[in-house]
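Visitor: Pasting in a structure now, in structure tokens, and then I'll have a few things to ask.
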Amino acid sequence: MKMDSKRGLLVLATVAMLTLHAAPALAASASEIDRKATAALKKLYATTSEAKALAEKAKGTLVFPNIVKGGFIIGGQFGDGALRVNGTTVGYYRSVAASYGLQAGVQSFGYVLIFMDDASLAYLDKSDGWEIGSGPSIVIVDKGAAKTLPSTTLQSGVYAFIFGQKGLMAGIGLQGSKITKITPNK
């Protein structure tokens, strides 16, 4: 019985690694990323006015319109996004994460990182793959907290808004996600 469990874990680990390794083949084109990022921002701003107010004061906004997350004991997530400065796309990024633990299911969601200062935005640009939780301070804002967010006393370098969750995995977090600059096809 122990050997079957070990084989099962090995198979799951192999599937997860192949999925994460195949991620570049699943990459979207630049125009597709831009189109989806624009639609995601419109939807987020329509439902969360605080996100729009922060974005208007931000130095940059990194939009990941669709992250797909799945796993059974071993999990992974993947998605491409666009960095916008003054409403114009200035770069493309990939968010990838792997996890291990008691988990099962499939989920999709989007998230937006709003960079409030030059130092946080510069860190994204000069880092060779930014792992969330190891760089600038990030505040994850849920809908309840967003209603009371005092925009005149912002202290964090980056604010994160998660939206559009669909699927069967309970809970969601960005800790451990790695963000890397990419060059998609036009």
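The values are calculated or read from the model by the stated rules, or taken from the named source; none is laboratory data. Model, not experiment: these values are computed from the prediction. Every residue, glycine among them, receives a Cβ derived from its backbone with ideal geometry; neighbour counts consider all protein chains shown. Accessible surface is based on the protein model in full, side chains and every heavy atom, while ligands, DNA and RNA are left aside. Shrake-Rupley method; radii C 1.70, N 1.55, O 1.52, S 1.80 Å.
Visitor: Give the residue from PHE78, ALA40, ALA28 lying farthest towards the positive end of the charge dipole for segment 28-86; charges sit on Cβ (+1 for Lys and Arg, -1 for Asp and Glu) and the dipole is referred to the Cα centre.
Guide: Farthest towards the positive end: ALA40.
Visitor: How big is the accessible area of TYR123 in square angstrom, nearest 10, if you roll a 1.4 angstrom probe over the protein chains?
Guide: Accessible surface of TYR123 is approximately 80 Å².
Visitor: Counting only other residues whose beta carbon sits under 11 Å from that of VAL106, what net charge do I get with K and R as +1, D and E as -1?
Guide: +2
Visitor: Still on this structure, please answer the following. Using only protein heavy atoms and a 1.4 Å probe, report how much of THR61 is accessible, in Å² to the nearest 10.
Guide: Here the accessible area works out near 10 Å².
Visitor: Another question, if that's okay. Karplus couplings for segment 98-103 from phi (6.51 cos²θ - 1.76 cosθ + 1.60, θ = phi - 60°), rounded to Hz, Gly and Pro as x?
Guide: 10, 8, 9, x, 7, 8
Visitor: While we're on this one: Which residues in segment 73-108 place their backbone N less than 11 Å from a point set 7 Å from the Cα of LYS43 along the Cα-to-Cβ direction?
Guide: What the label zone holds, given the 11 Å backbone N cut-off, is 108.
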